[in-house]
Amino acid sequence: DVVHHVVVFTDPLGEGTALAGAEGNYPCFGGPGVTDTSVLFAWAPGGQPLDLGTGMGSPVPENGQFVVQMHYHPTGDEASDATQLAVRWSDSQPEKTAEMRVFGGVLEPHTNSPNWEDPPFSVPAGATNHVETWTQDLPVPAGADVRLFAVFPHMHLAGVDIKISIERDGDDLCLSHHPTWDFEWQRTYLYDGEFSDLPQLASGDRLSIRCTFNNSDSNPMLMEYIDADSIDEVGVGEDTFDEMCTAIIGVAY
């Protein structure tokens, strides 16, 4: 009811301790505020634990720490949260390294990004079929064997359809398509198979994230959280009433 998302960041230098102080926490809206950070995992309502199975692991810096970003959506009522973090450690170096990479429109500074098909990002009030598309070249070194093991699509309340695909040599390779997006039922989708069975990324691949929004009173998910008189133009940002057009991609190499 109140947890919007949880993001686990690496904190290689342990800078979070000083930021947290005696109370053990600090505001980290927009990011963890530490140096050389990366996303280990992101959870949203409906999500499942990330199980990489055998042969793959996510590296964490020796003597580093984690910063766990808790994003709450206030309902106006008193609530408690039972969120916990569980980590499975490997006793040996895995054969393959697994990392989560974030792509797309996430923060307000992304509003005017040239990665949008038609910047700036804006969903008009009353729009029932508004499309925003983010495209971005994937940084795949030539000749490297980089595989895709997971995809986590993410939008907010006005989102109704999200498609994540790879543009390669004129072809459109669909990675994930959710034509009935549900903000309350999100998850990281894992591709089934051994490393050699996973989709292979190539130098020159271009990621496309196409998001469709219904910012009107005909969107039941939106109406569950606000009333029709509160519908307004929506921009990109972290607040629940902002929007995102995001793909968190799991790559292994």
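The values are calculated or read from the model by the stated rules, or taken from the named source; none is laboratory data. All of these numbers come straight from a predicted model, not from anything done at the bench. FYI the Cβ positions are ideal-geometry reconstructions off the backbone, even for glycines, and counts take in every protein chain you see. Ligands, DNA and RNA are stripped out before the accessible areas are found, and what is left, the full protein with its side chains, is counted by its heavy atoms. Shrake-Rupley method; radii C 1.70, N 1.55, O 1.52, S 1.80 Å.
Points to keep in mind about this one:
- Accessible area ranking (1.4 Å probe, heavy atoms, ligands and nucleic acids excluded), largest first, for THR35, THR135: THR35, THR135.
- The range 1-16 and the range 95-131 have Cα centres lying 21 Å from one another.
- Annotation for LYS96 and THR75: the two label points, set 7 Å from Cα along the Cα-Cβ direction, are 4.0 nm apart.
- Cα gyration tensor, the range 100-149 - rounded (a/c under 1.5), prolate or oblate: prolate
- For the range 1-49, the convex hull drawn through the C-alpha positions has a volume of 96 cubic angstrom per residue.
- Surface calculation, 1.4 Å probe, protein heavy atoms: ASP145 sits at approximately 60 Å² accessible.
- Measuring from each cysteine beta-carbon in the chain, the ones with no other cysteine beta-carbon under 4.7 angstrom are CYS28, CYS174.
- Cα gyration tensor shape for the range 8-79, rounded if a/c is under 1.5, else prolate or oblate: oblate
- Once the Cα-Cα distance is subtracted from the 0.36 nm per residue extended length, the ASP1 to CYS174 segment shows a gain of 59.1 nm.
- Qualifying trypsin sites (Lys or Arg not before Pro) for the range 37-112 [loop in DSSP, other Cβ within 10 Å: at most 16]: ARG88
- Taking only the Cα atoms of the chain, the ratio Rg/Rh comes out at 0.96, with Rh defined as the Kirkwood radius.
- Where Rh is the Kirkwood radius over Cα pairs, Rg/Rh for the range 57-127: 1.10
- Pairwise Cα inverse-distance average, inverted: Kirkwood Rh of the range 1-146 (Å): 18.5 Å
- Using θ = phi - 60° in the Karplus curve 6.51 cos²θ - 1.76 cosθ + 1.60, the 3J(HN,Hα) couplings for the range 228-239 round to 4, 5, 9, 5, 9, 4, 10, x, 7, x, 8, 5 Hz; x is entered for Gly and Pro.
- Heavy-atom accessible area ranking, 1.4 Å probe, most first, across CYS28, CYS174, CYS211: CYS174, CYS28, CYS211
- Over all distinct Cα-Cα pairs of the range 108-232, the Kirkwood formula returns a hydrodynamic radius of 16.2 Å.
- Distance from the alpha carbon centroid of the range 196-247 to that of the range 142-194 works out to 13 angstrom.
- Checking every one of the chymotrypsin sites (Phe, Trp or Tyr not before Pro) in the range 1-71 against DSSP loop status and a limit of 16 other Cβ atoms within 10 Å picks out PHE29.
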